[in-house]
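Note sheet for the following structure.
The values are calculated or read from the model by the stated rules, or taken from the named source; none is laboratory data. Remember, predicted model here, so these are calculated numbers, not experimental data. Quick reminder, even Gly has a Cβ in these numbers, built from the backbone with ideal geometry, and neighbours come from all protein chains shown. Ligands, DNA and RNA are excluded from the accessible area calculation, which covers all protein heavy atoms including side chains. Shrake-Rupley method; radii C 1.70, N 1.55, O 1.52, S 1.80 Å.
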Amino acid sequence: MPEWLSRRRGSSAPPPDDGALWTKCPKCGEVLYRKDLAANYSVCPRCGYHFRMHAFDRISMIVDSDFVEIGGSVLPGNPLGWSDKRSYEQKLSADREKSQLTEGVVCGFATLSGFPVALGVMDFNFRGGTMGTVVGERLTLLFEAARDRRLPCIVFTASGGARMEEGMLALMQMAKTTAAVARMRNAGNFFCTVLTDPTTGGVSASFAFEADVIVAEARAVIGFAGRRVIEQTIRQKLPENFQTAEFLLEKGHIDMVVERQEIKPTLGRLLDYALGDKHERVDAKVPELNA
Amino acid sequence: MNLIVEREKGLLELEKRIHELRAMSANQPIDLSSEIRALEAKYAEIQRDIFGSMSAWQKVHMARHPSRPTSLDYISQLTAFDELHGDRQFRDDPAIIGGFGKLFGRRIIAIGQQRGRDTKENLLRNFGMVTPEGYRKVARLIELGAHLALPVVTFVDTKGADPGIASEERAQSEAIASCLMALVDARVPVVSAIIGEGGSGGALALALADYVVMLEHSTYSVASPEGCAAILWGDAGKAEEAAARLKLTSEDLRGFGIVDEIVPEPIGGAHRDPATLIERTLRVVDAALARLSGESVEELLEARYRKYRRIGAWQSDTMNAVTARA
């Protein structure tokens, strides 16, 4: 099996929390004890395969302690009245069940290495991390809150692009998030994105590539057009490493590629370079919420 | 095969026949006026049948009609135009035409996506699919406009951004994002006209404007119907079904607040009377620029932010009501 296909297969079926004690690495086939896997940042100890992470696991891996969510009450409707084999409402409800999330991104405030930050984490488990109007609105609220509170902003991306079932309203979230990023950056805030597997389409072509510093998680697939679309268009097979984080680093598109275990300390250092003493560092305290 | 081209064939035959009869009755002492009237009535009836109420899928074909006016047809009707080339880094992308222009005497930066009008030109212009170099040229020209206080006018007509290997290698995502950023930050009025196909992010990269006008039968969608069908159902052949669901017509988008004004097309589509249609479109664009140029830069940027800030539809908590909507 080609490496990218196994990656696709593995990633499209992230280890479900079904109570099973063991799971299998989709890349090397190693049978892994779930607790060990979790303790190892969901990275296969044998081959280094990065399992896709649930937003909550990602947040607890990154933040010092508490996390205060914002925008959680913004929930999806069905603006186009979309229905195919199932109605859009049914798809959403199935994904809520499966992912234990209300939408494709979780946003809020936390501290990271002592720095108060505005943090957004996308999750591929919810409709492939696609950006519909709720993802766009929650991120926009995050960018606006970061600007108002003069906080650095970090967003972990994971997305198949714009969400088809919300049509043009989904596409316009590229415009909306870009407008909010511009305001935040023009106000002097530090903005950093961490591109995780996969980051494509409308997300990569908007806020993901609008950050001051762009970090990519090792071996993540990142690109504009999906691999299948390109292969169908050009009718030839693409090189193995095409659209990987490492490929993008070599081409000069991103600032650094970081193994998962190193992401938190890396972000801590970046915040220190970017902010220094500008921010009062707090110990394990979340910035106070007025709203 | 283009559906509209197919359907037009009968009409064009009829048109030819009417023309012949007219010529005959002018040259010969026979009265053919009742035959001509009958044919004209028939012609009008078929025209209404075909174009009276077009489905979304038919509009997709109308937007892709090989004779539909392209960006160059509009740009050539400006009172003046001088093309500026290249991204200053790598290459000049022929799928983007841009430069200094005058719109009824108003100095502007004009930028358009250009598909080919025949096979040869399509190969040169990559079927209107813009590469990163093209988007970098767009961003550069928008910044030039802002620098010289010249308003920016864009003409949107693309299936989508180029999905090739080379485009990925040169950061298509970043190139599109940089256009969006340039448009968000531009301290001059921006007006966009969706004149043909508005294909996904590759179209939005030129269309994040203060005022968006759209031709009646143009389409603008999150993905091409073929792409959407492939993504959702693994079958590009179900494009017609996707088109019906995507809400990609000018009416739909006016309703969502994404499009500000619809430019009516002649019956049968823009290509049946390009001169009138182009003049009409340019007038609408000019009127929008006249209104926008009365605003201060701060007002302009604030209104632009609000325009895009409110787009979307979601529910708040357990309430069923949609709390914010364009």
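Observations, loosely collected:
- Interface size B-A, as summed buried accessible area [1.4 Å probe, Å², nearest 100]: 4600
- Per-residue average of Cβ from other chains inside 10 Å of A:196-209: 5
- Cβ-isolated cysteines (cut-off 4.7 Å), the protein assembly as shown: A:Cys107, A:Cys153, A:Cys192, B:Cys179, B:Cys228
- Each peptide in A:174-185, B:34-45, A:159-170 was scored by the mean count of other Cβ atoms within 10 Å over its residues; highest first, the order is A:159-170, A:174-185, B:34-45.
- Principal axes of chain A: Cα extent on each, largest first, Å: 51, 46, 42
- Long-range Cα-Cα pairs in segment B:61-310 (distance over 34 Å), rounded percent: 10
- Relative to the Cα centre, the charge distribution of chain B, modelled as +1 at Lys and Arg Cβ and -1 at Asp and Glu Cβ, gives a dipole magnitude of about 300 debye.
- Of all accessible heavy-atom area on the protein assembly as shown, the percent that carbon and sulfur account for (1.4 Å): 50
- Estimated [θ] at 222 nm from DSSP helical runs (n ≥ 4, -39500 (n - 2.57)) normalised by residues in chain B, nearest 500: -15000 deg cm²/dmol
- Largest GNM mean-square fluctuation among B:Leu180, B:Leu253, B:Leu12, using chain B with Cα springs under 10 Å: B:Leu12.
- What separates the Cα centres of segment B:277-303 and segment B:153-189 is a distance of 22 Å.
- Cβ neighbours within 10 Å from other chains - mean over A:80-86: 3
- Using a Gaussian network model of chain A in which every pair of alpha carbons under 10 angstrom is joined by a spring, one finds that among A:Val31, A:Val203, A:Val43 the greatest mean-square fluctuation is at A:Val31.
- Across segment B:251-260, rounded Karplus estimates of 3J(HN,Hα) from the backbone phi angles (6.51 cos²θ - 1.76 cosθ + 1.60, θ = phi - 60°) give 4, 3, 6, 5, x, 7, x, 8, 10, 8 Hz, Gly and Pro being marked x.
- Net charge of neighbours whose Cβ lies under 11 Å from the Cβ of A:Gly71, counting Lys and Arg as +1 and Asp and Glu as -1: -3
- Note on chain B: dipole from Cβ charges, positive end direction compared against B:Val156, B:Leu282, B:Leu253; the farthest Cα belongs to B:Leu282.
- For segment B:3-53, accessible area per residue (1.4 Å probe, heavy atoms of protein chains only), Å²: 69
- Alpha carbon centroid spacing (whole Å) that separates segment A:87-140 from segment A:24-75: 15
- A cut-off of 5 Å between modelled amide H atoms, ignoring neighbours fewer than 5 places along the same chain, links A:Gly77 with B:Gln315.
- Bridge type composition, segment B:61-310 - antiparallel percent by DSSP, nearest 5: 40
- For chain A, the membrane-span-like helix rule (DSSP H, alpha carbon extent of at least 24 Å along the helix axis, mean Kyte-Doolittle at least 1.0) picks out no helix; this says nothing about an actual membrane.
- Accessible surface ranking for A:Arg147, B:Arg309, B:Arg170, 1.4 angstrom probe, highest first: A:Arg147, B:Arg170, B:Arg309.
- On the principal axes of its alpha carbon atoms, the protein assembly as shown extends 100, 52, 50 Å, with the longest extent given first.
- When the Gaussian network model of chain B links Cα atoms closer than 10 Å, the mean-square fluctuations of B:Arg310, B:Arg64, B:Arg22 top out at B:Arg22.
- Net dipole in debye of the protein assembly as shown [+1 Lys, Arg Cβ; -1 Asp, Glu Cβ; about Cα centre; nearest 20]: 360
- Dipole axis of chain B (+1 Lys, Arg; -1 Asp, Glu on Cβ), positive-most option in B:Gly112, B:His217, B:Ala243: B:Gly112
- A dipole drawn for chain B from +1 and -1 charges on Cβ atoms has a positive end, and of B:Val60, B:Ala139, B:Leu300 the residue lying farthest that way is B:Leu300.
- Net +/- balance of residues flanking B:Met181 in space, Cβ distance below 11 Å, scoring K and R +1, D and E -1: -3
- Nearest 10 degrees, 0 to 90: helix B:274-292 Cα axis against chain B principal axis: 30
- With contributions of -39500 (n - 2.57) from each DSSP H run of at least four residues, the per-residue ellipticity at 222 nm computed over chain A stands at -11000 deg cm²/dmol.
- A:Val105 sits among other residues whose Cβ lies under 9 Å from its own Cβ, and their net charge, with Lys and Arg +1 and Asp and Glu -1, is -1.
- DSSP beta bridge pairing in segment A:53-275, given as percent antiparallel to the nearest 5: 40
- Distance from segment A:206-222 to segment B:89-131 (C-alpha centre basis), Å: 30
- Given +1 at the Cβ of Lys and Arg, -1 at the Cβ of Asp and Glu and no other charges, the dipole of segment B:177-288 around its Cα centre is 120 debye to the nearest 20.
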